[in-house]
Amino acid sequence: MAVTVSLIIEGMKELQGKLDFAADHTRDEMQRGMKEATLLVAATAKRDYLSGPRPGRLGVVTGRLRSSLSTEVRGLGANVQGVVGSNVKYARIHELGGTIVPKKAKALKFFYPKAGHWVSVKSVEIPARPYLSTALRDKQKEIEAILGRRVFALMEK
């Protein structure tokens, strides 16, 4: 004797509709979430890492680096990329550290206020005082939550 089993799945049309909607709107939602995430990282860097006190954090002299932080969200094919950065020349050396050497002269010359006179040196070591990577690490869980909420919101629509 043959046995026949029938399975009826209800709600398939609704599920398919939600999946189609999600497929069509995922990139837009991720871009909105990434914008929120980049603004969070920039605000954290400005508040927590570009406002002193020295030496572990950058102090404010003119505020140029802090005010130069900008955010951008890029769509790269199926991917979404968030960028936080600065166009100020010295932003990179403060984030990563490094050695400054003269390009054309034999020495670097600058006024050293603590000594009260001009100083000539062959190089200057700048310690890394990361402000962007540290802010990103500090806010990683919040960023994951932001993007997770965006995905969940798509599934509820």
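Read-outs throughout are calculated quantities, based only on the coordinates presented, and are distinct from any laboratory measurement. Keep in mind it's a predicted model, so treat the numbers as computed, not measured. Cβ coordinates were reconstructed from backbone atoms using ideal geometry, including for glycine residues, and neighbour counts include every protein chain displayed.
Overview of results
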item	result
Relative pair counts by distance (%), Cα atoms of segment 102-145, 10 Å bins	22, 27, 19, 18, 13, 1
Under Karplus coefficients 6.51, -1.76 and 1.60, residue-wise ³J(HN,Hα) of segment 72-89 in Hz, glycine/proline x	8, 10, 10, x, 10, x, 7, 9, 10, 10, x, 10, 10, x, 9, 9, 6, 3
From phi via Karplus (6.51, -1.76, 1.60), per-residue ³J(HN,Hα) for segment 32-40 in Hz, x at Gly/Pro	5, x, 5, 4, 4, 5, 5, 5, 5
Binned Cα-Cα distances of the chain, short to long, each 10 Å bin given as a whole percent	9, 25, 23, 16, 11, 7, 4, 3, 1, 1, 0
Note, ³J(HN,Hα) from phi for segment 136-144, Karplus 6.51, -1.76, 1.60, rounded to Hz, x at Gly and Pro	4, 5, 4, 9, 4, 5, 5, 5, 4
5 angstrom amide H check on residue 98, placed H, neighbours 5+ away	126, 128
The chain: calculated mean residue ellipticity at 222 nm from DSSP helix runs of at least 4, using -39500 (n - 2.57)	-14000 deg cm²/dmol
Positive-end residue, segment 1-118 charge dipole about Cα centroid, Cβ charges, pick of 60, 102, 117	117
Nearest-20 debye value, the chain charge dipole, Cβ charges on Lys, Arg, Asp, Glu	1540 debye
Partners for residue 104 among lysines (Cα-Cα distance below 30 Å; same-chain residues under 8 apart left out)	89, 114, 122
